[in-house]
Amino acid sequence: MTTEADWELVRRLVAALPEGTWTSYGDLAELIGTGPRQVGAFMRDDGAVPRAYRVLTASGKVSEGFRWSDGRTGKNVPDLLRDDGVTVSAKGTADLSQRMSVYDLRLLAMELGEDLGSGFGTKLDEDDEDA
């Protein structure tokens, strides 16, 4: 079950994403043990996630369900991403090489002083499928 501490971690991580990077709903979901839709719903409803526009779909697109939690309109997410140093194509797709993976998010969490438990850093290589 996702706790308030998990959601606070999401808030802190999104706020701390380095310039020129973005992440996905799925990466955040994997980090806290929930689903991407739950992360999207939280971000939509919470209203306290700074720079929530830097969380995209796994393919680097703005989610069809993206809404400004404070009711703002007229903000163009691809333009905001570009202002933050993210390369965005004419079709609105963010550069995948600038994506913060779940592993990158774990490192960022550690830099923020978060204790993610003993499972941190156990990223498996493709050759380690039997592990």
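So that you can scan it fast, the table gives a plain yes or no per residue for (1) surrounded by 17 or more Cβ atoms within 10 Å (Cβ to Cβ); (2) within 26 Å of Met1 (Cα to Cα); (3) among the hydroxyl-bearing types (Ser, Thr, Tyr):
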| position | (1), (2), (3) |
| --- | --- |
| Asp27 | yes, yes, no |
| Ala41 | no, yes, no |
| Asp46 | no, yes, no |
| Ser63 | yes, yes, yes |
| Arg82 | no, no, no |
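Select from the stretch 34-52 the residues that are of a type in the set (A, V, I, L, M, F, W, C) and either free of Cβ contacts under 8 Å to residues at least 12 places away in the same chain or assigned to a helix (DSSP H, G or I) (or both) and write down the one among them that is nearest to Asp79 (Cα to Cα).
Ala52
Here is a check on your reading of the model: is Ala58 at pLDDT below 85 and either part of a loop (DSSP other than H, G, I, E, B) or among the hydroxyl-bearing types (Ser, Thr, Tyr) (or both)?
Answer is no for this residue.
Tell me whether the stretch 5-20 contains one or more residues that are surrounded by fewer than 18 Cβ atoms within 10 Å (Cβ to Cβ), under 16 Å from Leu116 (Cβ atoms) and free of Cβ contacts under 8 Å to residues at least 12 places away in the same chain.
Yes, that holds for at least one residue.
The values are calculated or read from the model by the stated rules, or taken from the named source; none is laboratory data. Bear in mind that the values here come from a model prediction, so they are computed numbers and not experimental data. Positions of Cβ are generated from backbone atoms using ideal geometry, with glycine treated the same way; all protein chains shown enter the neighbour counts.
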